[in-house]
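Attaching a single structure in structure tokens format; questions to follow.
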Amino acid sequence: MADTAIPPDTAPHQPGTAARRRPGRPPAPERPRRHPRSRATAGTGRLAALLVSPTLLVLTVVVLYPTLMALDESLYGPKGLDPRTGFISNTEPFVGLKNYTDIFTQAGDRFWNAFWNTTFFTVVTVSLETVIGIAMALIMHRAFRGRSVVRASILVPWAIPTAISGLLWKWIFNADGIANVLLGHQVLWTADGFSAKIAVVIADVWKTAPFIGLLVLAGLQVIPKEVYEAARLDGASALQQFWRITLPLVKPALLVAVLFRCLDALRMFDLPYILIGAQKGSVETLSMLAQNEASNVRFGPASAYAVLLFLYVFLVALAFVRLLGADLIGGAGGTKKHKSHAVGVPRRRVREVTA
């Protein structure tokens, strides 16, 4: 037998290697091994979906299903006389988008009046509530004797149900109520007119300004005291501390409060309905208009108005989230890079105090 020498650079023969690798062919690429982290991520995703599924189910039943039913109902008109029999029809006729296009005709004047009333109440009440709520929060945040009593008294209006609040203010704004006694002349607050708008604004601001104050107070309590001490050492006045420290640091909580109040004011119904009354053009909102149409068995137009109100509220919420989304979550994940001026007071460094 011939003596065969194996070159030193050649790997020793392994069983099955010739069957897997033929001469003249490149070695087959190895399959990437699945990382154990991907399995853990998939398991976490399944667990998250399982935990969120009850909430999604409730939202589907409570929100999605009624919205789809209202959208379907808005495509039908009110019951009328059947031209073939002369009797009232048992079914609602399909009218398509007629309930939506009618708002652009003369029949839509009432809708646009309610739309502008809703917008007016939202802008005016939320603006006043923001200013008064911040003032309430600053008062409740200060340390003084009797602070707990002041906090409790400020939050009492928010704890009162809206229906009870409407009745209280209705007695105040009566013809012989305390409002006219203080003014010294007669004002028809609960009649149809601009005075009715003012009455609704006053009652709503009194009722919900403590809500904004409560959320802003929660934001004030997480601001470190060292920030104010550093600002005072830099020579910042009280007004500068408010504009450059307090307001920027409570901005996330303030924006959340304003968003909630805007969404709530756009759906305003009970306060003007109880305080002034139904079918009053000066205070009729979109919710009141939809309820009035439904009470008159005009479910098609009522559903159309409800769908339009839903879209209005949705667009306002979407605008808040898209334009102010980073601030709503405290600046996390935002795309805008803020300047690193912490306080904005004169740029002198705080001198370190050494022992």
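Using the alpha carbons of region 92-136, what is the convex hull volume per residue in cubic angstrom, as a whole number? Provide the component values of the computation, followed by the final result.
On the way: hull volume 4.3 nm³, N = 45.
It is 95 Å³ per residue.
Let me ask you something else. Taking the dipole about the Cα centre of region 176-313, with the C-beta of Lys and Arg at +1 and of Asp and Glu at -1, give me whichever of Gly213, Gly177, Gln279 is farthest to the positive side.
After comparing all options, I get Gly213.
Put +1 on the Cβ of each Lys and Arg and -1 on the Cβ of each Asp and Glu in region 108-329; which of Ala152, Cys262, Ala319 then has its Cα farthest toward the positive end of the dipole?
The listed residue farthest towards the positive side: Ala152.
Still on this structure: For Gly193, which sequence-distant residues (separation of 5 or more, or a different chain) have an amide H within less than 5 Å of its own amide H, given hydrogens modelled in the peptide plane?
Close amide H contacts, sequence-distant or interchain: Ser282.
With a 1.4 Å probe and all protein chains kept in place, how much accessible area does His141 have, in Å² rounded to the nearest 10?
It works out to around 80 Å².
What are the extents of the Cα atoms of region 151-288 along their three principal axes, in Å, largest first?
Result, largest extent first: 57, 35, 26 Å.
Where does region 95-224 land on Rg(C-alpha)/(2.2 N^0.38 Å)?
For region 95-224, the normalised Cα radius of gyration comes out at 1.39.
Just the number, please: carbon plus sulfur as a percent of the accessible area of region 108-329, 1.4 Å probe, no ligands or DNA/RNA counted.
On the way: 7750 of 11190 Å².
That fraction is 69 percent.
Please list Asp234, Asp192 in order of solvent-accessible area, largest first, computed with a 1.4 Å probe with all protein chains present. Intermediate values should be presented prior to the final figure.
Details: Asp234 15, Asp192 90 Å².
From most accessible down to least: Asp192, Asp234.
Kindly sort Trp171, Trp112 by accessible area of their heavy atoms, largest first, with the probe set to 1.4 Å.
Numbers: Trp171 160, Trp112 85 Å².
Accessible-area ranking of Trp171, Trp112, largest first: Trp171, Trp112.
Regarding region 48-168, what are the three Cα extents along the principal axes, ordered largest first, in Å?
The Cα atoms of region 48-168 stretch 80, 47, 26 Å along their principal axes.
Another question about this same structure. Highest mean first, what order results for 305-315, 62-72 on Cβ atoms within 10 Å? Mind dumping the intermediate values first?
Values: 305-315: 17.5, 62-72: 12.0.
Ranked by mean Cβ neighbours within 10 Å, highest first: 305-315, 62-72.
For a quick check: with amide H placed at 1.01 Å from N, whose amide H comes under 5 Å from Tyr76's, ignoring anything fewer than 5 positions away on the same chain?
For Tyr76, the qualifying residues are Val95.
Also, I was wondering about something else. Could you compute the net charge surrounding Ile139? Neighbours are other residues with a C-beta less than 10 Å from the C-beta of Ile139; K and R count +1, D and E count -1. Could the numbers behind the result be given before it?
Working: positive: Arg142, Arg147, Arg151; negative: none.
My count for the surroundings of Ile139 gives +3.
The values are calculated or read from the model by the stated rules, or taken from the named source; none is laboratory data. Everything numeric here is computed off the predicted structure, so don't read it as measured data. All Cβ positions, glycine included, derive from the backbone under ideal geometry; neighbour counts span all protein chains shown. Side chains included, ligands, DNA and RNA excluded: accessible areas come from the protein's heavy atoms. Shrake-Rupley method; radii C 1.70, N 1.55, O 1.52, S 1.80 Å.
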